[in-house]
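Worksheet: the structure to be examined is printed underneath.
The values are calculated or read from the model by the stated rules, or taken from the named source; none is laboratory data. All of these numbers come straight from a predicted model, not from anything done at the bench. Cβ coordinates were reconstructed from backbone atoms using ideal geometry, including for glycine residues, and neighbour counts include every protein chain displayed.
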Protein chains: 2
Amino acid sequence: MATTIRQVAAAAGVSVATASRALSGSDAVVPVTRDRVLRVASDLDYTPSRLGRSLATGSTGNIGVILPDVTNPFYTGFLAALESAVAERDIGVLVGDSHETPELERRLIQRMAGQVDTLVLASSRLGDEAVVAASARLPVVLANRMLEAATPVPARLRQITIDVEPGFSAAVRHLHALGHRAITYIDGPAHSWSGRQKAQALTRTCAQLDLPLTTVAMTRPDFEGGRAALARIVPQRGGARWDVPRAIIAFNDQVALGLLSALRDAGWDVPGDVSVIGCDDSLPTGMAWPALTTVDSSSRTLGALAAAAVLEPDAPRSATVQTRLIVRDSTGRAVAG
Amino acid sequence: MATTIRQVAAAAGVSVATASRALSGSDAVVPVTRDRVLRVASDLDYTPSRLGRSLATGSTGNIGVILPDVTNPFYTGFLAALESAVAERDIGVLVGDSHETPELERRLIQRMAGQVDTLVLASSRLGDEAVVAASARLPVVLANRMLEAATPVPARLRQITIDVEPGFSAAVRHLHALGHRAITYIDGPAHSWSGRQKAQALTRTCAQLDLPLTTVAMTRPDFEGGRAALARIVPQRGGARWDVPRAIIAFNDQVALGLLSALRDAGWDVPGDVSVIGCDDSLPTGMAWPALTTVDSSSRTLGALAAAAVLEPDAPRSATVQTRLIVRDSTGRAVAG
DNA sequence: TTGAAAGCGCTAACAG
DNA sequence: CTGTTAGCGCTTTCAA
């Protein structure tokens, strides 16, 4: 058993109350006493029990983070930024992987509720009611997701989102300027709020420019998902060329990477035959070939904003990460049909 | 404030002790009473406080996991497998990112010590003494790392490692059989135990086959690290051809991907001019071009074994993940100098 | 400035 | 089978 505050108090010849005060740096204790307690504590290699403290104070010094997939670089970047930021304030992080399922997410919330001060839900797959219910139990930070406009926002809920509009709108205009007259969008997971945002932004801009938009559903928002989704619709070079999508926008960079791979396998040249745009700017230089034109929407920034929402008691009720288009080498002039 | 067991007991007309027994499914309570308590509990939407329970029982139902980098796919796979396995047993996971630094790792251990039942240290950058000290405070599972042979292994320490010998030895023999007569190894981080294992396995096998081995140091074990490390030593095609490494083995797949990228930039063909071998088999099909010959050493398997070490009280003191060579398209016949 | 005592929510002897 | 009681380690009134 580890040393307790009682042992420290005894060894220092004071009461536990005084020991507690000394250890928490209260000024209601005379310096000489405090120093004695502190010295004894370090001699005894004393570490305060978080559990005891939590029970007494009602605050745990931990936060809970629930992600749809710990393996996805987007969430990994989010988690890294968030963890680093809160760790500096000596706050611990309980993680849960919901595997994209609402039931598991619910269970994880249940599990964490009692032992964290704040819950961070990244890209929650839960319905609005469940999110609202959670925020009735403890403060919640919703990241990369927003409640429906009709849902009243609970006081203890903060929302951090990515405004994909500027980036995706610019992406469409960029393709249009290159001469493309039809856009294909490879969508994200079924219940993804951000996927809907992206689709909406595309729909809006395509309507303005009078461009037809085709949306392709996809299972998993990763490399293999992108490969599989596109492989189904891309004919071999030399086959029926009329239905090759010439301008493709992907849900994220991983998916775009999969597209690049599927296109290469089928013998198509990027950007010669087909233009591809990703999202997140998450790939190191040289990872994609050709270098990927992408919508910048850093998940690390999202994580940093979530951290701020957790740490600053009077952070704004909502915050937004802006996006913009980064043009690189995977987009080019449309070829004549 | 959430409902407490006292309120449940009162509402059910029993003592807290009986309520506690009913809720924990003890058979020392008559069914009718138990059902009543259970019904009241669910009516009141009661969730037991983990904190209270932990303090009373001395066990928290949480484990701590410390990784050098949550962003690295190797640890991400490890964490995912570990988290999924323990979550099924309703065990929570506190994560900490040590950013490859021993000091931060020490701080995280300190922070977690009081509130987890077991500590899982992945690729710990700590010295043996620090690891031994930690295992004196609570059970520790060391993953992808082993104490020095001279260090006595504490009773509460479990070690899960990857035996790179078979895979790396096969890699060298494979290259030798293809006619290669010199090997270059792109090493891992400075204090990495697994990096040393790999280097040793290569040294041993190269000595047996009388092959010269060149080791190149590297900063970060990722795509950019691999690109940077190789870019320094690879001349442009058409430049001084005599010093191009013709057979390269990388610390991991990410690094190998970086190599592929750097080689392509310099105009070299893989496997025509240069053969490249990775490690981990962590890339989806099509991610590397050409498909990467690699040493299979799944970090998910490592995570699953770590989970077993955490969950099974009498798991073996140590376990090992085996490795083997998977030959794909990135290795080919040596060209005449 | 310090100490005694109550209590955070729960479990676990020990009686009955 | 059920209730009483004593803590787990800590903070925090309230008195002294």
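Among the residues of the stretch A:73-91, which ones are aromatic (Phe, Trp, Tyr) and over 11 Å from B:VAL70 (Cβ atoms)?
Residue satisfying the conditions is A:PHE74 alone.
Going by what's in this entry, would B:VAL131 be described as within 15 Å of the chain's Cα centre (by Cα) and away from every other protein chain (no Cβ under 11 Å)?
In short, no.
Would the stretch A:209-231 turn up any residue that is assigned to a loop (DSSP other than H, G, I, E, B) and acidic (Asp, Glu)?
yes
Is it fair to say B:ARG36 is outside any loop (DSSP other than H, G, I, E, B), surrounded by 11 or more Cβ atoms within 10 Å (Cβ to Cβ) and within 8 Å of DNA strand C (Cβ to nearest atom)?
No: the conditions fail for B:ARG36.
Could you tell me whether B:GLN115 is within 16 Å of DNA strand C (Cβ to nearest atom) and either part of a helix (DSSP H, G or I) or assigned by TED's automatic domain parsing to the domain that holds B:VAL131 (or both)?
yes
Given the condition within 14 Å of chain B (Cβ to nearest Cβ), near DNA strand D (Cβ under 10 Å from one of its atoms) and of a type in the set (D, E, K, R), answer yes or no: does some residue in the stretch A:15-35 qualify?
Looking for residues that are within 14 Å of chain B (Cβ to nearest Cβ), near DNA strand D (Cβ under 10 Å from one of its atoms) and of a type in the set (D, E, K, R), one finds none in the stretch A:15-35, hence no.
Go through (1) more than 15 Å from DNA strand C (Cβ to nearest atom); (2) outside the structural domain of B:VAL310 (by TED's automatic domain parsing); (3) within 26 Å of A:GLU103 (Cα to Cα) one by one and return the number of the condition B:ALA81 breaks.
Only one criterion in (1) more than 15 Å from DNA strand C (Cβ to nearest atom); (2) outside the structural domain of B:VAL310 (by TED's automatic domain parsing); (3) within 26 Å of A:GLU103 (Cα to Cα) is unmet by B:ALA81, namely (2).
Being assigned to a helix (DSSP H, G or I) and surrounded by 13 or more Cβ atoms within 10 Å (Cβ to Cβ) is the filter here, so list the residues in the stretch A:18-33 that pass it.
Across the stretch A:18-33, the qualifying residues are A:THR18, A:ALA19, A:SER20, A:ARG21, A:ALA22, A:LEU23, A:THR33.
So, A:LEU23, is that one of a type outside the set (Val, Ile, Thr), more than 26 Å from B:ARG300 (Cα to Cα), out of contact with any helix residue (DSSP H, G or I) (no Cβ under 6 Å at 6 or more places or on another chain) and not assigned by TED's automatic domain parsing to the domain that holds A:LEU257 or not?
For A:LEU23, the condition - of a type outside the set (Val, Ile, Thr), more than 26 Å from B:ARG300 (Cα to Cα), out of contact with any helix residue (DSSP H, G or I) (no Cβ under 6 Å at 6 or more places or on another chain) and not assigned by TED's automatic domain parsing to the domain that holds A:LEU257 - is met.
Looking at the structure I just gave you, is A:PRO73 surrounded by 23 or more Cβ atoms within 10 Å (Cβ to Cβ) and over 16 Å from A:LEU311 (Cα atoms)? It would help to see each step written out before you state the result.
Working: surrounded by 23 or more Cβ atoms within 10 Å (Cβ to Cβ): no; over 16 Å from A:LEU311 (Cα atoms): yes.
Considered against the rule, which asks whether it is surrounded by 23 or more Cβ atoms within 10 Å (Cβ to Cβ) and over 16 Å from A:LEU311 (Cα atoms), A:PRO73 comes out as no.
Just to be sure before I move on: is B:ARG50 of a type in the set (Lys, Arg), closer than 29 Å to A:GLU88 by Cα, within 13 Å of DNA strand C (Cβ to nearest atom) and outside the structural domain of B:SER192 (by TED's automatic domain parsing) in the structure I sent?
Criteria met by B:ARG50.
Would you check if there is a residue in the stretch B:102-111 being assigned to a loop (DSSP other than H, G, I, E, B), under 26 Å from B:GLY188 (Cα atoms) and more than 15 Å from DNA strand D (Cβ to nearest atom)? Working first, answer last.
Step one: filter the stretch B:102-111 for residues assigned to a loop (DSSP other than H, G, I, E, B), giving none.
The answer is no, given that none of the residues of the stretch B:102-111 is assigned to a loop (DSSP other than H, G, I, E, B), under 26 Å from B:GLY188 (Cα atoms) and more than 15 Å from DNA strand D (Cβ to nearest atom).
Could you check the stretch A:50-101 and list, in sequence order, the residues that are of a type in the set (S, T, N, Q) and within 16 Å of DNA strand D (Cβ to nearest atom)? Before you say what the answer is, go through the steps one by one.
Within the stretch A:50-101, the subset of a type in the set (S, T, N, Q) is A:54, A:57, A:59-60, A:62, A:71-72, A:76, A:84, A:98, A:101.
Listed by number, the residues that qualify are A:SER54, A:THR57, A:SER59, A:THR60, A:ASN62.
Taking the stretch A:102-111, which residues are buried (at least 23 other Cβ atoms within 10 Å of the Cβ) and at the interface with another protein chain (Cβ under 8 Å from one of its Cβ atoms)?
A:LEU108
Select from the stretch B:41-70 the residues that are buried (at least 22 other Cβ atoms within 10 Å of the Cβ) and more than 9 Å from every other protein chain (Cβ to nearest Cβ) and write down the one among them that is nearest to the chain's Cα centre (by Cα).
If we take residues in the stretch B:41-70 being buried (at least 22 other Cβ atoms within 10 Å of the Cβ) and more than 9 Å from every other protein chain (Cβ to nearest Cβ), then B:LEU67 is nearest to the chain's Cα centre (by Cα).
Looking only at residues that are outside any helix (DSSP H, G or I) and more than 18 Å from B:GLN110 (Cα to Cα) in the stretch A:1-14, which one is nearest to DNA strand D (Cβ to nearest atom)?
Result: A:VAL14.
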